[in-house]
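The values are calculated or read from the model by the stated rules, or taken from the named source; none is laboratory data. Here the structure is a predicted model, which means the values were calculated and not measured. Cβ placement follows ideal geometry from the backbone for every residue including glycine, while neighbour counts extend to all protein chains displayed.
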Amino acid sequence: MRAKNNPAILVIDMVKDYFDPRRNLKITPYAKAIVNPIKDLATTFRKNGWPVVFATDAFREDDFIFSARMEPESIEGTEGAEVIDELERQPGDLWFPKPRFSAFFQTGLAEYLREREVRICAVTGIATPVCVLTTALDAICYDFRSVIVSDCSAAASDKIHKDALNLYGRTALYPLLKVSSASELLSDLGVD
């Protein structure tokens with residue numbers, strides 16, 4: 001069972017800039033609500049010897065994506081681009097700063113996961129319809145099964161979050177791409 005279902009948790013974009021109350025971001029209260037569920041799930045993964053990976057926005061100040069409506073945020077090398085302290089990143093966890101939305105884009109994540117014989121990526125964090133989704137879809141592009149963990153991900157509103165989950169919950173990619181709660185995921189992995 002282990003070789004078939006060896007998972008890793010990918011924690012996406014839980015960075016200080018997105019939790020800074022001075023920024024007054026719509027997503028912040030929703031992101032705060034998933035901190036403890038992510039922390040609990042990551043703890044379970046560590047106890048089972050499964051990789052815990054943080055992948056976070058690390059944009060350049062003059063980044064192309066800021067030429068649209070996005071304001072500069074999570075700038076590489078700044079404190080705002082660091083993982084929030086509340087998630088209690090451990091020395092054995094890996095942190096991949098990412099230059100774009102997917103955790104797989106120019107980070108070496110696929111190689112890291114293959115070296116550890118990972119088969120399933122449990123994708124958590126923010127924002128469900130953008131970075132969480134692009135990471136989940138890219139996982140499949142790299143031949144990993146992918147699970148968007150519904151109660152460990154969030155968007156700028158409950159409606160946006162639920163709409164994204166509903167859209168991708170049962171596609172032609174099922175069961176390569178699934179939407180599951182943390183408890184459903186752990187049950188599927190044989191964890192009580």
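Residues of segment 36-57 being touching a Phe, Trp or Tyr at 6+ places or on another chain (Cβ under 9 Å) and either over 15 Å from residue 90 (Cα atoms) or surrounded by fewer than 15 Cβ atoms within 10 Å (Cβ to Cβ) (or both), which ones? Result: 56, 57.
Of all the residues in segment 93-107, those that are under 12 Å from residue 131 (Cβ atoms) and not in a loop (DSSP other than H, G, I, E, B) number 1.
Here residue 173 passes the criteria (1) surrounded by fewer than 18 Cβ atoms within 10 Å (Cβ to Cβ); (2) at pLDDT 95 or above; (3) in contact with a helix residue (DSSP H, G or I) (Cβ under 7 Å, 6 or more places away or on another chain); (4) aliphatic (A, V, I, L, M) except the one numbered (2).
Residue count for segment 91-107 satisfying the condition of being of a type outside the set (Lys, Arg), touching a strand residue (DSSP E or B) at 6+ places or on another chain (Cβ under 7 Å) and either within 26 Å of residue 44 (Cα to Cα) or surrounded by 18 or more Cβ atoms within 10 Å (Cβ to Cβ) (or both): 7.
All conditions in (1) under 17 Å from residue 88 (Cα atoms); (2) in contact with an Asp or Glu (Cβ under 9 Å, 6 or more places away or on another chain) hold for residue 28, with the sole exception of (1). None of 26, 16 is of a type outside the set (Ser, Thr, Tyr) and either modelled with pLDDT under 95 or surrounded by fewer than 15 Cβ atoms within 10 Å (Cβ to Cβ) (or both) except 26.
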